[in-house]
1. Let me have the 222 nm mean residue ellipticity of the chain computed from DSSP H runs of 4+ only, each contributing -39500 (n - 2.57), with the sum over all residues rounded to the nearest 500.
2. In debye, nearest 20: dipole of region 162-219 around its Cα centre with unit charges on the Cβ of K, R (+) and D, E (-)?
3. In what sequence, highest mean first, do 69-75, 55-61 appear when ranked by Cβ atoms within 10 angstrom?
4. May I have the pair-distance distribution P(r) for region 1-97, computed from all Cα-Cα distances with 10 Å bins from 0 and rounded to whole percent?
5. How much of the DSSP beta bridge set in the chain is antiparallel, as a percent to the nearest 5?
6. Using the C-alpha atoms of the chain, what convex hull volume per residue, in cubic angstrom, is computed?
7. Placing +1 at every Lys and Arg Cβ and -1 at every Asp and Glu Cβ, with all other atoms neutral, what dipole size does the chain have around its Cα centre, in debye to the nearest 20?
8. Which peptide among 175-182, 92-99 comes first, and what is the full order, when sorted by highest mean count of other Cβ atoms within 10 Å?
Amino acid sequence: MNVYVISASILSADFTRLGEQIAICESAGADWIHVDVMDGHFVPNITMGPVIVEACRRATKLPLDVHLMIENPEKHIEAFAKAGASGLTVHVETCPHLDRTLLDIKSLGCKAGAVLNPETPVREIEPVLHLADLVLVMSVHPGFSGGKFVPGTIAKVADVRKKLNALGSSAWLEVDGGINAETLPKMKDAGATAFVSASAIFKHPQGIAAGIHALRAQL
Ligand code: DX5
Ligand code: ZN
């Protein structure tokens, strides 16, 4: 596993050719496949569920980084784990018992991640930081790909990095939203180690592989 990972978000993929496009990501050097699950309640958009995770599982050997933007995620984690998720990340804004939810995810054999929206303070995850295999700092307001990067989240990544280091945690520090060849180095300098991208990969004018290579060149 690389020190830095690129997680290709299929939200901007061509769903008529999903398997083929995931294979291109894999051969171009993507480390993880990121699956954005949205319920139309926690975020305005509705996207994919366990059947798509299961299809992705058959399409690639890469870890499936499943991002749950749904209310009551604890009701669904088992279905996503059974579908083949490698990691499940839940939003702190949706989890009144975040410690329990993270432990439940781990007991299902998945890596457990906690996500912060741009406006959610870092102190919200501090009590469970030692339990997290991954912390995801959203760098857009979640709901859609192609959103506007929120520059204030760079300092937030630096803050989380400091807290993870103080704990001696080796958790991934992931950023998601508006990550491209310009914003990635700033997030890397702030201490991020995992970079999610949809548009900069799937909408790259020279194609998916070129999109991945352009991001990788910044690492
Ligand atoms: C946003 C999703 C992101 C999204 C990123 O709510 O969680 O994963 O797909 O898209 P880009 O990279 O286009 O900002
Ligand atoms: Zn995401």
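1. Result for the chain, helices only: -9500 deg cm²/dmol.
2. 80 debye
3. Result, highest mean first: 69-75, 55-61.
4. Spelled out bin by bin, region 1-97 gives 16, 49, 29, 5 percent.
5. Of those bridges, close to 5 percent are antiparallel.
6. Normalising the Cα hull of the chain by residue number yields 108 Å³.
7. Charge dipole, the chain, about its Cα centre: 420 debye, nearest 20.
8. 175-182, 92-99
Values in this text are rule-based calculations from the coordinates and carry no lab data. Small disclaimer: the values here were computed from a predicted structure and weren't measured. All Cβ positions, even for glycine, are placed from backbone atoms using ideal geometry, and neighbour counts span all protein chains on display.
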